[in-house]
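Below is one structure; the comments refer to it alone.
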Amino acid sequence: MWDQTYLLSELPPAAETAEEVEFICQSLELLEGATVLDLCCGQGRHGQLLADKGLKVVGLDSSRFLLTEAQKNGSLSQNHMHLIEGDTRHIPLKPACDAVINLFTSFGFFEDRDNQTVIAAIAAALKPKGKFLLEHWNPYAVLQLDQARNWWWMSESLLALAEVEYDPASGQLSDYRTVIDLSTGAAQESVNRIRFYFPTELEGLLASAGLKVRAMYGDFDCSPFVTESRRLITIAEKC
């Protein structure tokens with residue numbers, strides 16, 4: 001799923017990304033020269049802007065295609081951002097990071113035990129008092145997505161269908177995607193399963209790895225998290 005069609009999805013505009021980066025810098029109190037791990041960095045949408053601010057950014061992602069796209073940005077040639085192809089459960093930085101960020105609903109792709117392994121790997125990568133920012137959809141809003149079905153055009157020839165199922169017993173959302181290339185008639189199918197954690201569950205998950213929640217926001221405008229929020233943004237600190 002994390003191929004060229006990902007870049008044709010409805011990604012946030014550049015202005016919105018810039019606002020998110022400002023929030024990241026302020027909420028994590030990042031100073032020039034700090035080391036930041038952009039976990040599931042994709043094509044470098046946030047990492048490149050952080051690198052342009054003088055931060056030392058390491059981007060880790062499992063998609064070689066998206067990492068190749070990230071390499072096309074000029075910040076890489078200035079040695080401000082380094083890319084690693086890898087698994088979020090095995091982060092090769094211990095402890096080297098002032099902060100770790102995980103954005104755009106990029107956490108929860110495994111079963112609970114492996115999701116816990118991801119959190120433990122993040123904690124191990126952080127320096128003492130290092131901070132972790134986790135952003136994903138509001139789990140209360142996810143409840144309303146069950147059985148949702150949506151068609152949209154990705155390009156003049158690519159038509160996409162998303163079908164969603166949510167299992168409240170497991171907290172897992174299944175996102176079925178079909179991309180049809182009308183120029184060839186070929187269809188590509190994929191599925192992503194994401195485990196959404198409610199605030200109290202998330203606090204326990206983080207605490208088990210020695211991370212203490214310092215704040216929860218409902219969006220990048222610093223609004224407090226409520227059940228009607230658009231997002232759940234959690235800031236935790238390594239004890």
Treating only the Cβ of Lys, Arg, Asp and Glu as charged (+1, +1, -1, -1), what charge dipole size does the chain show about its Cα centre? Round to the nearest 20 debye. 840 debye
Relative contact order of the chain: what whole-number percent is it, with Cα pairs under 8 angstrom and at least 6 residues apart? 17 percent
Counting every Cα pair in segment 146-213, what percent are over 20 Å apart? 49 percent
How about residue 127: which aspartates and glutamates have a C-alpha closer than 19 Å to its C-alpha, ignoring those fewer than 8 places off in the same chain? 29, 32, 38, 98, 237
log10 of Debye I(q)/I(0), alpha-carbon scatterers only, for the chain at 0.08 Å⁻¹: -0.30
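Defining a contact as two alpha carbons under 8 Å apart and six or more residues distant in sequence, what relative contact order in percent does segment 140-194 show?
27 percent
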Cross-link reach list, lysines versus residue 131, counting only Cα pairs under 25 Å and skipping chain neighbours closer than eight places: 53, 56, 94, 212, 238
Within the chain, the percent of DSSP beta bridges that are antiparallel, given to the nearest 5, stands at 70 percent
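Rule-based calculations on the coordinates, nothing more; no lab input. In this text the structure is predicted, and so the values were computed from the model without any measurement. No Cβ is skipped: glycine too gets one built from the backbone with ideal geometry, and neighbour counts run over all protein chains shown.
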